[in-house]
Amino acid sequence: MTATPERIVDIAIGFMGAKQLDAAARIGIFRALADGPKTVAELAAATAHSERQVRTLADAMNGLGLLDRAAGSYSLVADSAEYLSGKGDIDLTPFIAFLGDISYKQWLGYDKTVDTDEAGTLELSEAGWADFMAGVMTYNDLHAEQFGKALDFAKYTSILDFGGLAAGFAITAMQQNPGLTTRFVYAPGFGDGIGGAAEAAGVADRISIEEVPTETATPGGEHDLVLLGGVLHRFTPEQNQDILKASRDAAQPGANLMIIDFFLDQDDRQRAIDAIHAGEYFNIDGTLVYPVEQVTAWLDGSGWKFESLVELPGCPRVLVATAV
């Protein structure tokens, strides 16, 4: 294969496209196109921004594949129509704003993180934390949507959603299977909003909620599916082993465990989004993306057998294991 600088340059200037996406979403270019194509002049009027800046942003989004351009007018492609226009089930604009306004600024200190191996710390105002949570929970909504599309929950009857951050995974499964119930065992304060989300989804009569510290909880029970959504990266190896043992003690033989998280792997080509999030998590607050082989060793020591890794587009992977 002939060497080319294109990949290197594309990666090196990637932050520029990311900031342009942030700006395009923030000023409403995608929403302005929700009802049909517009010219630069029409987009400028709709977004109350200069034609020069709107042209630059629209052309960048066209070049990046998020807008079509024909006969001087711009229109949404399927991805931007679904996830940026405000007309789909999920609008990723709050997540993009979080990346542009909070995550990007934190990455400006990444050299120190690399050179010292010291975890980053995030200092935000009350409004900043609200924006942080809006972005993170929007991304979790996307994870839950893709989780439901990738996996079949027809065979399950009882979920233990243990130590998670968002109820969407279990709720998606219950919407798919009307006979499925969920027991949420979340850390104090993390159970907020579960009832309302379940009510909105029409599954409130099939849930229970308990609040107890995740790292010391022993839920017990005979569940046939245990979910650990966004759990492992928040805890130490020792705590994760305890969590996995407590998960196994709450599962019947043959039950499945589904761990939704990013993982470092040993494939010939690392899945890029996982390794990028390893940098993001440690640089934000010192949380860790663990290698798959380390997680599977924990599984072996706690009564679970690794089965597979399922990729969720633009999201974490799902590690599936079986209780032995």
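Exposure proxy shown here: for 96, 171, 90, 11, the number of other Cβ atoms within 10 Å sets the order, fewest to most, as 11, 90, 96, 171.
In plain terms, the chain from residue 192 to residue 121 could stretch by 23.1 nm, reckoned as 0.36 nm per residue minus the Cα-Cα distance. Convex hull volume of the C-alpha atoms in the chain, normalised per residue: 168 Å³. Projection of the Cα convex hull of the stretch 6-85, averaged over all directions and equal to a quarter of that hull's surface, yields 5.2 nm². Axis of helix 14-27 versus longest Cα principal axis of the chain: the two differ by about 80°, to the nearest ten degrees. Placing +1 on the Cβ of every Lys and Arg and -1 on the Cβ of every Asp and Glu, with nothing else charged, gives the chain a dipole about its Cα centre of roughly 740 debye. Counting 0.36 nm for each residue step from residue 268 to residue 245 and taking away their Cα separation leaves a gain of 5.2 nm. Taking amide H atoms as placed 1.01 Å from N in the peptide plane, the amide H of residue 226 lies under 5 Å from those of 160, 256, 257, 258, each 5 or more residues away in sequence or on another chain. Summarising the amide proton neighbourhood of residue 39: residues at separation of 5 or more, or on other chains, whose placed amide H is nearer than 5 Å comprise 74.
Taking 2.2 N^0.38 Å as the expected size of a compact globular protein, what ratio does the Cα radius of gyration of the stretch 145-323 give against it, to two decimals?
Values: Rg = 15.3 Å, N = 179, 2.2 N^0.38 = 15.8 Å.
The value comes to 0.97.
By counting other Cβ atoms within 10 Å of each Cβ, how are 226, 114, 320 ranked from fewest to most?
On the way: 226 28, 114 12, 320 17.
The order, fewest Cβ neighbours first, is 114, 320, 226.
Which of the trypsin sites (Lys or Arg not before Pro) found in the stretch 53-114 are loop residues per DSSP with 14 or fewer other Cβ atoms within 10 Å of their Cβ?
Working: sites: 55, 69, 87, 105, 112; in loops: 87.
Those satisfying the criteria are 87.
With the charge dipole of the chain set up from +1 on Lys and Arg Cβ and -1 on Asp and Glu Cβ about the Cα centre, the Cα lying farthest toward the positive end among the listed residues 169, 185, 213 is that of 169.
Relative to the longest principal axis of the Cα atoms of the chain, helix 126-150 runs at roughly 70 degrees.
Whats the longest run of the chain with zero GluC sites (Glu not before Pro) that are DSSP loop and have at most 14 other Cβ atoms within 10 Å? Walk me through the numbers on the way to the answer.
Details: sites that count: 118, 123, 222.
Between exposed loop sites, the widest span is 1-117.
Maximal additional length on extending the residue 310-residue 208 stretch stands at 33.9 nm, based on 0.36 nm per residue less the C-alpha distance. With 10 Å bins beginning at zero, the pair-distance distribution over Cα atoms of the stretch 99-228 amounts to 11, 35, 29, 18, 7, 0 %.
Taken about its Cα centre, the stretch 6-85 carries a charge dipole of about 220 debye when Lys and Arg each add +1 at the Cβ and Asp and Glu each add -1 at the Cβ.
Run the helix sum for the chain: -39,500 (n - 2.57) per DSSP H stretch of 4+ residues, divided by residue count, reported at 222 nm to the nearest 500 deg cm²/dmol. Could the numbers behind the result be given before it?
Working: 15 runs with 147 residues, N = 324.
Calculated from helices alone, the mean residue ellipticity at 222 nm is -13000 deg cm²/dmol.
For 264, 319, the sequence from fewest to most other C-beta atoms within 10 Å is 264, 319.
Laboratory data are not the source of any read-out in this text; all were calculated from the coordinates shown. The model shown is predicted, which means the values in this text are computed figures rather than measured ones. Neighbour counts run over all protein chains shown; Cβ positions are idealised from the backbone, glycine included.
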